[in-house]
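Enquirer: Provided herewith is a single structure, encoded as structure tokens, for subsequent inquiry.
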Amino acid sequence: MAEKRSSYKSLAKTLTWEDGVLTLLDQTLLPVEVVSEKQESIEQVWDSIKKLKVRGAPAIGIAGAYGVLYGVKDKTDLPVQEFLAELKKSADYLDSSRPTAVNLSWALKRMVAKANLIVTEKPSSNSKDIYITLEMEAIAIHEEDKQICKNIGLNGKGLIKDGMGVLTHCNAGSLATSELGTATAPMYLAHEDGINFKVFSDETRPLLQGARLTSWELQQSGVDVTLITDNMAAFMMSKGEVDLVIVGTDRVAANGDTANKIGTMGVAILAKHFGIPVYIACPSSTIDFETETGEEIVIEERDPEEVLFFGERRTGPEGMKVRNPAFDVTPNELITGFITDKGLVEAPFKENLKKAFG
Ligand code: MRU
């Protein structure tokens, strides 16, 4: 009888929406504690995004869509134009929490556009009607993400063959999405198909998403995962242990330049040196056709304390100058292809991304 494998299906949910309440798995506590936190206000949702309780491009988009509802749920007695102004204010406020992942502003713009569309299509709508439609829109964004991740998995799983070593950086996993993940979706589905492969999870300094989150969720799901520190990737590659790199993304410019967690560009440069293919797992909501090249992508700079401490332990001197860019941009020429919900996209990226999604 075939051995029953552990599955991603039993992982704790990144976020849920029930009876008008958003609940987030607090990712800052993983892997030590698995605790979910009910969100009570738009300010709390802003803070949860800022502090990375919820993180990962698709997940912050979904959290933003639900979060904006908190900003207007007590405003449904207002006349429509005032309600729309409050909605826009709430969307702008949440958008200010993190700048790099386009999914957040994408989801917020979609919510605002939906409200305006209802008013145009049905001028008799009142603010309560608009709120109800907005709640349905946020749920739709959440549900669509599940199908998008599934499609990324189906389109990418064929890249993973028996005996391969697959390296990933940061967490573009179930925790970064509604479920299944983007970079991890091909891994989970290949695992489900009985393919035997190893994953190397980069630790991902300074906030250790690879160590705390990716290695945790893959281990929980029964995928063979090995944790390495970021500076070990070159060694593993030089020893022939890595055959494939799959990472996620926060924003893809029209020409294929790709922002992802700081360190991704270094991994791509190493992979090029060792002749290892690099794939970016990418939902349609992460492609930003309004941004021509990676040069234009705003890179979030975070609190120096994140670099000066390793967990609770201070590792840098008091008063030390620090840089803490949270993302870098991998130039398109280092990328082999994009694993998208519409299929694999190969170079030339400008033309082919447009063809697939434009
Ligand atoms: O700072 P984070 O943890 O939100 O960074 C997350 C990443 O860089 C992910 O790789 C990216 O958002 C893709 S998630 C599917």
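Enquirer: Could you tell me whether any residue of region 185-201 is near the ligand (Cβ under 10 Å from one of its atoms) and either in a loop (DSSP other than H, G, I, E, B) or in contact with a Leu (Cβ under 7 Å, 6 or more places away or on another chain) (or both)? Even if it seems obvious, please write down each step before you answer.
Expert: Pass one, region 185-201, residues near the ligand (Cβ under 10 Å from one of its atoms): 185.
Retained after the next criterion (residues that are either in a loop (DSSP other than H, G, I, E, B) or in contact with a Leu (Cβ under 7 Å, 6 or more places away or on another chain) (or both)): none.
Within region 185-201 (the criterion being near the ligand (Cβ under 10 Å from one of its atoms) and either in a loop (DSSP other than H, G, I, E, B) or in contact with a Leu (Cβ under 7 Å, 6 or more places away or on another chain) (or both)), the answer is no, since none of the residues qualifies.
Enquirer: Here is a further query. Being more than 16 Å from the ligand (Cβ to nearest atom) and part of a loop (DSSP other than H, G, I, E, B) is the filter here; which residues of region 120-175 pass it?
Expert: If we filter region 120-175 for residues that are more than 16 Å from the ligand (Cβ to nearest atom), which is where we start, we get 120-140, 143, 154, 157-165.
The answer is Lys122, Pro123, Ser124, Ser125, Asn126, Ile160, Lys161, Asp162, Gly163, Met164.
Enquirer: Please identify the pairs in which a residue from region 103-122 that is of a type outside the set (A, V, I, L, M, F, W, C) has its Cβ atom under 8 Å from the Cβ atom of a residue that is within 16 Å of the ligand (Cβ to nearest atom) and not in a helix (DSSP H, G or I), counting only partners at least 6 apart or on another chain.
Expert: Asn103/Asp250; Asn103/Pro283
Residues are listed down the side, and each one gets a yes or a no for (1) at pLDDT below 95; (2) more than 18 Å from Arg110 (Cα to Cα); (3) in contact with a Lys or Arg (Cβ under 7 Å, 6 or more places away or on another chain); (4) not polar (S, T, N, Q):
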position	(1), (2), (3), (4)
Asp47	no, yes, no, yes
Leu52	no, yes, no, yes
Gly56	no, yes, no, yes
Val68	no, no, no, yes
Leu94	no, no, no, yes
Ser97	no, no, yes, no
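Enquirer: Given the condition crowded, with 19+ Cβ neighbours inside 10 Å and aromatic (Phe, Trp, Tyr), answer yes or no: does some residue in region 89-96 qualify?
Expert: no
Enquirer: Tell me which residues, restricted to region 51-68, are within 11 Å of the ligand (Cβ to nearest atom), of a type outside the set (A, V, I, L, M) and part of a helix (DSSP H, G or I).
Expert: Residues satisfying the conditions are Pro58, Gly61.
Enquirer: Same structure, new question: Can you confirm whether region 303-323 contains a residue that is buried (at least 16 other Cβ atoms within 10 Å of the Cβ), closer than 30 Å to Lys355 by Cα and in the same structural domain as Arg212 (by TED's automatic domain parsing)?
Expert: The answer is no; no qualifying residue exists.
Enquirer: Taking region 336-352, which residues are in a helix (DSSP H, G or I) and without any contact (Cβ under 8 Å) to a residue 40 or more places away in the chain? Give the derivation first.
Expert: Step one: list which residues in region 336-352 are in a helix (DSSP H, G or I), which gives 349-352.
Across region 336-352, the qualifying residues are Glu351, Asn352.
Enquirer: Moving on. Can you name the residue in region 253-289 that is touching a residue at least 24 places away in the same chain (Cβ under 8 Å), away from the ligand (no atom under 11 Å from the Cβ) and in a loop (DSSP other than H, G, I, E, B) and, of all such residues, is surrounded by the most Cβ atoms within 10 Å (Cβ to Cβ)?
Expert: Ranking the qualifying residues of region 253-289, first place goes to Gly256.
Enquirer: A further question on this structure: What are the pairs, 6+ residues apart or on separate chains, where a residue within region 158-170 that is more than 25 Å from Phe327 (Cβ to Cβ) and assigned by TED's automatic domain parsing to the domain that holds Ser238 has its Cβ under 6 Å from a residue that is surrounded by fewer than 21 Cβ atoms within 10 Å (Cβ to Cβ) and of a type in the set (S, T, N, Q)?
Expert: Asp162/Asn196
Enquirer: Can you name the number of the only condition in (1) touching a strand residue (DSSP E or B) at 6+ places or on another chain (Cβ under 7 Å); (2) on the phi > 0 side of the Ramachandran plot; (3) hydrophobic (A, V, I, L, M, F, W, C) that Ile62 fails?
Expert: Of everything listed in (1) touching a strand residue (DSSP E or B) at 6+ places or on another chain (Cβ under 7 Å); (2) on the phi > 0 side of the Ramachandran plot; (3) hydrophobic (A, V, I, L, M, F, W, C), Ile62 misses just condition (2).
Enquirer: If you scan region 6-45, which residues turn out to be outside any strand (DSSP E or B), over 17 Å from the mean Cα position of the chain (by Cα), surrounded by fewer than 19 Cβ atoms within 10 Å (Cβ to Cβ) and among the polar types (S, T, N, Q)?
Expert: Ser6, Ser7, Ser10, Ser41, Gln44
Enquirer: Across region 78-102, which residue is farthest from Asp288 (Cα to Cα) among those that are of a type in the set (A, V, I, L, M, F, W, C) and outside any loop (DSSP other than H, G, I, E, B)? Full working, then the answer.
Expert: If we filter region 78-102 for residues that are of a type in the set (A, V, I, L, M, F, W, C), which is where we start, we get 78, 80, 83-85, 87, 91, 94, 101-102.
In the following step, the residues that additionally are outside any loop (DSSP other than H, G, I, E, B) were identified as 80, 83-85, 87, 91, 94, 102.
Numbers: Val80: 31, Phe83: 29, Leu84: 25, Ala85: 26, Leu87: 23, Ala91: 18, Leu94: 19, Val102: 7 Å.
Step by step, filter region 78-102, then rank; the result is Val80.
Enquirer: Name the one entry in Val32, Val80, Val72, Val45 that is free of Cβ contacts under 8 Å to residues at least 12 places away in the same chain and among the hydrophobic types (A, V, I, L, M, F, W, C). Walk me through it before giving the result.
Expert: Numbers: Val80 fails: free of Cβ contacts under 8 Å to residues at least 12 places away in the same chain; Val72 fails: free of Cβ contacts under 8 Å to residues at least 12 places away in the same chain; Val45 fails: free of Cβ contacts under 8 Å to residues at least 12 places away in the same chain.
Only one candidate passes the filter, namely Val32.
Enquirer: Among Gly311, Gly343, Gly316, Gly294, which is the only one that is modelled with pLDDT under 95 and small (Gly, Ala, Ser)?
Expert: Values: Gly343 fails: modelled with pLDDT under 95; Gly316 fails: modelled with pLDDT under 95; Gly294 fails: modelled with pLDDT under 95.
Answer to the selection: Gly311.
Enquirer: Can you run down the residue pairs with Cβ atoms below 8 Å, 6 or more apart or on separate chains, where the first is in region 315-334 and under 30 Å from Ala271 (Cα atoms) and the partner is polar (S, T, N, Q) and away from the ligand (no atom under 16 Å from the Cβ)?
Expert: Asn332/Asn255
The values are calculated or read from the model by the stated rules, or taken from the named source; none is laboratory data. All values derive from a computational prediction rather than experimental measurement. Positions of Cβ are backbone-derived with ideal geometry, glycine not excepted, and every protein chain shown enters the neighbour counts.
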